[in-house]
Amino acid sequence: MRPEGTVYVLPGLGLSAEAAVPLVTHLSPGLAVVGIDLAGHGGRADAADGSVSALADGVIEAIAQTATGGPWILCGHSMGGKVAAVVADRVLRGDAPLFGLAGLVLLAPSPATPEPMATEKRDQMLSWVTDGPIAEEHAGEFVADNVAAPLDPADETAAIAQVRAMSPLAWRRWLEEGSREDVSADLDISALPAVVLAGAEDGDLGADAQPGLVARTLPNATVTSLPGAGHLLLFERPAEVAAAIERLWDTVSAASTRVPESWGRVIASDRTDAETRGILSRRHLADDPDAEPRALSRGQLVLLGSIAARLMPRDLDDRFDLARVVDRELAAGRGDGWRPPGLPRDAEAYRLGLDALADVWPGDTTSQDQLISDLIAGNGFTGSPWDDETTRRWFEDIRSDLAQAWVSHPATAARLGFDGFITAITASDPGFSELRADRRAAWEPDTLGTPAPEDDE
């Protein structure tokens, strides 16, 4: 079975990519698991410096080497959680050569702000690398201090071996620099679907502390407490971690439209400029169906969704929510620059018109279609706050906004075969060389036709 998506796992301090292996047993074959060694872990070279940004550089490079162009989830544990937040931010800004990030799963994450840690504990851990690599005794103490109950002997041996293999420099840098760094001011990842798991028996990064630690950067994240668990959740609770990943995957898949992999690869490449890549990455994110609307009331949003369904019949796999896209644009004050005479500002016009239309909106689709035809023809409706012509123009605005919301999604671009957003500003190649229908340049998405031979005139 070919995986539908990928889960990239960033283990915590001392742990290597091997710590992600237990997840494979518990995840469905539809999700591939790729563990990533942070710099200085698992035999990987140290980062250029001790910053979280330097650690994120290495992660982005590693993901880019294996990315398919399809959707993926980022899972970060402890130290890896802080790095994951920075990676996610860069992806959503378009500053990383990646596309398709669909969600974030954080396991007892180190916060974007300085990590709470007692001075005595920090000093003790630093003393372990004074003379070089961590001794087996200290690695064992670290593992024992971070679990609620002794691990299975094989898992304990594996965890201790991973900690011992860590670079002393990377260990010291994290404790003295990375864990103390405040990266929260620059993070803009609140739109990313996210869940947080933490052990009820964990200490500073446990279930009691996490709601406060993630509130600023991930205000909509669900925080789940795991009773009887400590800090090393990849070893202690791989089944629960896998279940959380599966639930998030199912949720985002049900509320988003998949972008073909060849399109994802082109968006991730340097043929797409960073700003456009960031915009498309955010448009690709699934909306939370339970989230409160931003500009409209819930009733107004539901009615707008009903109108969209009648105006724009869509395939079953074309699932992103057009009404929420329009609501989001209204809340942000982004419009098309036009306001018909006699109408208030866009958001207010939507509210007034939808509230009035709700009183006459029929229950059956045949009558709904007839009412829509009347509105388009300029016949108005009973109770409209405007005259018939102004009502027609108001409804024309709605139709235009819904169409724009659909066309602007990267999956729609793929359906329409439009890759004109690829401007290749930073690419060395000049760009489009094949302009005939059903023919494409070799680098263009493979859904656009057959590659044109270089000597084909």
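The values are calculated or read from the model by the stated rules, or taken from the named source; none is laboratory data. The structure displayed is predicted, hence computed values, not measured ones. Note that each Cβ is placed from the backbone with ideal geometry, even for glycine, and that neighbours are counted across all protein chains shown. SASA here: full protein model, heavy atoms, side chains in, ligands and nucleic acids out. Shrake-Rupley method; radii C 1.70, N 1.55, O 1.52, S 1.80 Å.
What's the total number of residues in segment 249-271 that are more than 16 Å from the chain's Cα centre (by Cα) and over 18 Å from R415 (Cβ atoms)?
Here the count works out to 3.
Just checking, does segment 40-61 include any residue being among the hydrophobic types (A, V, I, L, M, F, W, C), surrounded by fewer than 20 Cβ atoms within 10 Å (Cβ to Cβ) and in contact with an Asp or Glu (Cβ under 8 Å, 6 or more places away or on another chain)?
yes
Suppose the filter is closer than 25 Å to L213 by Cβ and either open to solvent by less than 60 Å² (accessible area, probe 1.4 Å) or not in a loop (DSSP other than H, G, I, E, B) (or both); does T157 pass it?
Values: closer than 25 Å to L213 by Cβ: no; either open to solvent by less than 60 Å² (accessible area, probe 1.4 Å) or not in a loop (DSSP other than H, G, I, E, B) (or both): yes.
Judged against the criteria, T157 is not a match.
Given the structure, is L296 open to solvent by 40 Å² or more (accessible area, probe 1.4 Å) and more than 27 Å from W443 (Cβ to Cβ)?
no
Looking only at segment 440-450, decide whether some residue is farther than 30 Å from V302 by Cα, without any contact (Cβ under 8 Å) to a residue 12 or more places away in the chain, open to solvent by 20 Å² or more (accessible area, probe 1.4 Å) and outside any helix (DSSP H, G or I). Step through it out loud before you land on a result.
Residues of segment 440-450 that are farther than 30 Å from V302 by Cα, as a first pass: 440-450.
Checking the rest, the ones that are also without any contact (Cβ under 8 Å) to a residue 12 or more places away in the chain come to 441-442.
Pick out the ones that are also open to solvent by 20 Å² or more (accessible area, probe 1.4 Å) and you get 442.
Of the ones still in play, those that are also outside any helix (DSSP H, G or I) are 442.
The answer is yes; a qualifying residue exists.
Just to check your reading of the model, which residue among P193, P150 is closer than 30 Å to P289 by Cα, open to solvent by 10 Å² or more (accessible area, probe 1.4 Å) and modelled with pLDDT of 95 or more? Explain how you work it out, then say what you get.
Working: P150 fails: closer than 30 Å to P289 by Cα.
Going through P193, P150 in turn, the sole match is P193.
So that you can scan it fast, the table gives a plain yes or no per residue for (1) assigned to a helix (DSSP H, G or I); (2) of a type in the set (G, A, S):
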residue	(1), (2)
D95	no, no
L98	no, no
S110	no, yes
P114	no, no
D131	no, no
G140	yes, yes
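Any chance segment 100-115 includes a residue that's in contact (Cβ under 8 Å) with a residue 12 or more places away in the chain, open to solvent by 20 Å² or more (accessible area, probe 1.4 Å) and small (G, A, S)?
As a first pass, look at segment 100-115 and keep what is in contact (Cβ under 8 Å) with a residue 12 or more places away in the chain: 100-115.
Now narrow it down to the ones that are open to solvent by 20 Å² or more (accessible area, probe 1.4 Å): 113-115.
Filter once more, so that each one left must be small (G, A, S): none.
No, that holds for no residue.
For segment 196-228, which positions are open to solvent by less than 40 Å² (accessible area, probe 1.4 Å), closer than 29 Å to A255 by Cβ, assigned to a loop (DSSP other than H, G, I, E, B) and touching a residue at least 40 places away in the same chain (Cβ under 8 Å)?
Scanning segment 196-228 gives T217, L218, A221.
Within segment 166-180, work out how many residues are part of a loop (DSSP other than H, G, I, E, B) and either free of Cβ contacts under 8 Å to residues at least 24 places away in the same chain or open to solvent by less than 60 Å² (accessible area, probe 1.4 Å) (or both). If you could, list the steps in order and put the result at the bottom.
Of the residues in segment 166-180, the ones part of a loop (DSSP other than H, G, I, E, B) are 166-167, 177.
Still in the list and also either free of Cβ contacts under 8 Å to residues at least 24 places away in the same chain or open to solvent by less than 60 Å² (accessible area, probe 1.4 Å) (or both): 166-167.
Final tally of qualifying residues: 2.
Would segment 318-333 turn up any residue that is aromatic (F, W, Y) and open to solvent by 50 Å² or more (accessible area, probe 1.4 Å)?
Step one: of segment 318-333, the residues aromatic (F, W, Y) are 320.
If we keep only those that are open to solvent by 50 Å² or more (accessible area, probe 1.4 Å) as well, we get none.
Scanning segment 318-333, I find no residue that is aromatic (F, W, Y) and open to solvent by 50 Å² or more (accessible area, probe 1.4 Å), so the answer is no.
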